[in-house]
Every structure is written in C-alpha cells, then in structure tokens.
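K.L.:
Structure incoming, see below.
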Amino acid sequence: MELSDSFRHKGLRHRLVREIEKKGITDKNVLEAIGRVPRHLFMDSSFVNMAYKDQAFPIGQGQTISQPYTVAVQTSLLDVKPGDRILEIGTGSGYQAAVLHEMGASVFSIERQKRLYQKTSRLLASIGYKDIRLFLGDGYEGLPAFAPFDKIIVTAAVDEVPSTLLMQLKIDGMLVVPLGERSQTMTRIKRLSDDDFEKETFGEFAFVPMLKGIAK
C-alpha cells in the first residue's frame, strides 16, 4: 500500500476543507484536523481520485467512509477538547477516529465487523495513529470497563439510543447520534444528572443502520 501524502494530496485536502467551510462548518479546530488527516490513505488506492470529494464512499463489508461534511458536523457537535475521552461506535475506515485524535482526544473505538476491524487496526498503526484504541465488539454494549466517557459518537443509525451508552456518559457529557429508521436526524444528547438528559436536533442525514453482535 502506498502511504505517501504528496503536495497534490495536501492541495486537494485544502480545497475540501474550504468546501466544507462554505457549507457552514465554523469550528476551526475541526477544519484544521480534517486538513491534516490524509483521507486518501483510508480508501483503496484505485479510488484515490474520490478521496477528496465531499461524499461518502464504499469501503467493503457493506460499510462506507463517511462524507467529510458529515464527519465535520458530528465532530463539531461533540465540542472536542484536548484530553477528552471519546467513545466511537462504528470504527469503519478509521477516518473519524483519526480526526478526533488530531484534535487531541483519547479515542476508544468499537467495530463489529471482524475483517474491517483487522484491516483498520493495521492501517491506523501504519500511518501513525497507534494511540487510537480499537475494539472488536458490539457497539450496543459500549465499553463499560473504560467508562465513563466525556463524549460518545455513534456513526450508524439507531431508532433509539441504547441506554447502555447513555449510562457510560459522564455527567455533563455529550452523545452525538443519527436517530431514525429511514432518514436520520442528527441528535445531540447531554447528560445533566444521573437520570436527566437534554436533547437537541441538527438536521437530516443518511447513515447505514447500526447492527447488534459481532460479524465474522
């Protein structure tokens, strides 16, 4: 696999960042992080020309690498601070995890597809993201052994937020998730106390459904 990040790649990335900014993303830390992550390395080399287009793209196992704008929206809603412990449900290509890592977060990420988990684990280590902690598991269960988390990001659609995940949030922690069956509403949930939560919504998006169990 070619792991180079050329001036051409960086130029294309700069153009992508400007495009996302024009669509309304104002968080400079998010834009700068996206500008640093070599998205082309998260895709098959034969599709490198698609890497810096603002669109999702298939990565195998029925999964996609998310549209950069969608990554930017979810990341902005998380209000990431350096040192935040963030749980990601749905590692996929590892691109979202890399963006969070670039922002100084301590990232814990769960993937249910064994082949994708293995592929992404090798990739992240090979391009310098060794500190991202990956787990093969059921996203509905979260990572109770490592909870509580400052933030949780769910990168697949659910009809209802699993209570197991809500309980793994710190008080004042936030969870960002696309809610809905056929189309999804981006939703941010803040934990106010042990039993109280506050919900906000942020527009319509399209995600693959979140599935239970581990796929081998």
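K.L.:
Here are some residues: 23, 10. Which one is farther than 29 Å from residue 168 by Cβ, touching a helix residue (DSSP H, G or I) at 6+ places or on another chain (Cβ under 6 Å) and not β-branched (Val, Ile, Thr)? Working first, answer last.
P.N.:
Working: 10 fails: touching a helix residue (DSSP H, G or I) at 6+ places or on another chain (Cβ under 6 Å).
After applying the criteria, what remains is 23.
K.L.:
Okay, moving on. If you check residue 8 against the conditions, is it buried (at least 20 other Cβ atoms within 10 Å of the Cβ), modelled with pLDDT under 95 and among the basic types (Lys, Arg)? Explain how you work it out, then say what you get.
P.N.:
Values: buried (at least 20 other Cβ atoms within 10 Å of the Cβ): no; modelled with pLDDT under 95: yes; among the basic types (Lys, Arg): yes.
Answer is no for this residue.
K.L.:
Considering only residues of segment 160-176 that are over 13 Å from residue 197 (Cα atoms) and modelled with pLDDT under 95, which is surrounded by the fewest Cβ atoms within 10 Å (Cβ to Cβ)?
P.N.:
If we take residues in segment 160-176 being over 13 Å from residue 197 (Cα atoms) and modelled with pLDDT under 95, then 160 is surrounded by the fewest Cβ atoms within 10 Å (Cβ to Cβ).
K.L.:
While we're looking at this one, here's another question. Which condition does residue 133 not pass, out of (1) surrounded by fewer than 17 Cβ atoms within 10 Å (Cβ to Cβ); (2) out of contact with any strand residue (DSSP E or B) (no Cβ under 6 Å at 6 or more places or on another chain); (3) under 26 Å from residue 40 (Cα atoms), if it passes all the others?
P.N.:
Evaluating residue 133 over (1) surrounded by fewer than 17 Cβ atoms within 10 Å (Cβ to Cβ); (2) out of contact with any strand residue (DSSP E or B) (no Cβ under 6 Å at 6 or more places or on another chain); (3) under 26 Å from residue 40 (Cα atoms) leaves (2) as the failure.
K.L.:
Which one of 91, 75 is touching a residue at least 40 places away in the same chain (Cβ under 8 Å), assigned to a helix (DSSP H, G or I) and within 25 Å of residue 191 (Cβ to Cβ)? Walk me through it before giving the result.
P.N.:
Working: 91 fails: assigned to a helix (DSSP H, G or I).
From the options 91, 75, the qualifying one is 75.
K.L.:
Are there strands (runs of 3 or more DSSP E) fully within segment 110-196 with at least 2 residues that are polar (S, T, N, Q)? List them. Even if it seems obvious, please write down each step before you answer.
P.N.:
Values: elements: 133-136, 149-154, 169-179, 184-191.
By residue number, 184-191.
K.L.:
Ok, one more. When you check residue 138 against the structure, is it touching a Gly at 6+ places or on another chain (Cβ under 8 Å) and more than 23 Å from residue 77 (Cα to Cα), yes or no? Steps first, answer last, please.
P.N.:
Working: touching a Gly at 6+ places or on another chain (Cβ under 8 Å): yes; more than 23 Å from residue 77 (Cα to Cα): yes.
Yes; evaluated as a whole, the condition is true for this residue.
Per-residue answers, yes or no, for (1) free of Cβ contacts under 8 Å to residues at least 60 places away in the same chain; (2) touching a His at 6+ places or on another chain (Cβ under 9 Å); (3) under 23 Å from residue 57 (Cα atoms):
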position: 104; (1), (2), (3): yes, no, no
position: 119; (1), (2), (3): yes, no, yes
position: 126; (1), (2), (3): no, no, yes
position: 129; (1), (2), (3): yes, yes, yes
position: 133; (1), (2), (3): yes, no, no
position: 137; (1), (2), (3): no, no, no
position: 140; (1), (2), (3): no, no, no
position: 143; (1), (2), (3): yes, no, no
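K.L.:
So, residue 70, is that one at pLDDT 95 or above, under 26 Å from residue 210 (Cα atoms) and polar (S, T, N, Q) or not? Walk me through it before giving the result.
P.N.:
Working: at pLDDT 95 or above: yes; under 26 Å from residue 210 (Cα atoms): yes; polar (S, T, N, Q): yes.
So residue 70 fits the description; yes.
K.L.:
Same structure again: In segment 95-109, is there at least one residue being in a loop (DSSP other than H, G, I, E, B), modelled with pLDDT under 95 and not hydrophobic (A, V, I, L, M, F, W, C)?
P.N.:
First, the residues of segment 95-109 that are in a loop (DSSP other than H, G, I, E, B): 103-105.
Among the residues that remain, those that are also modelled with pLDDT under 95 are: none.
Checking segment 95-109: not a single residue is in a loop (DSSP other than H, G, I, E, B), modelled with pLDDT under 95 and not hydrophobic (A, V, I, L, M, F, W, C).
K.L.:
Can you pull out the residues in segment 36-51 that are part of a helix (DSSP H, G or I), touching a helix residue (DSSP H, G or I) at 6+ places or on another chain (Cβ under 8 Å) and farther than 17 Å from residue 82 by Cβ?
P.N.:
Just the residues of segment 36-51 that are part of a helix (DSSP H, G or I), to begin with: 36, 39-42, 45-50.
Retained after the next criterion (residues that are touching a helix residue (DSSP H, G or I) at 6+ places or on another chain (Cβ under 8 Å)): 36, 39-42, 48.
Residues satisfying the conditions are 39, 40, 41, 42, 48.
K.L.:
Quick test for you: out of 155, 164, pick the one residue that is of a type in the set (Val, Ile, Thr) and within 22 Å of residue 82 (Cβ to Cβ). Don't jump to the end; show me each part of the working.
P.N.:
Working: 164 fails: within 22 Å of residue 82 (Cβ to Cβ).
Criteria check complete, one pass: 155.
The values are calculated or read from the model by the stated rules, or taken from the named source; none is laboratory data. Note that this is a predicted model, so its numbers are computed, not measured. When we count neighbours, we look across all protein chains shown, and the Cβ atoms used for this are built from the backbone with ideal geometry, even at glycine.
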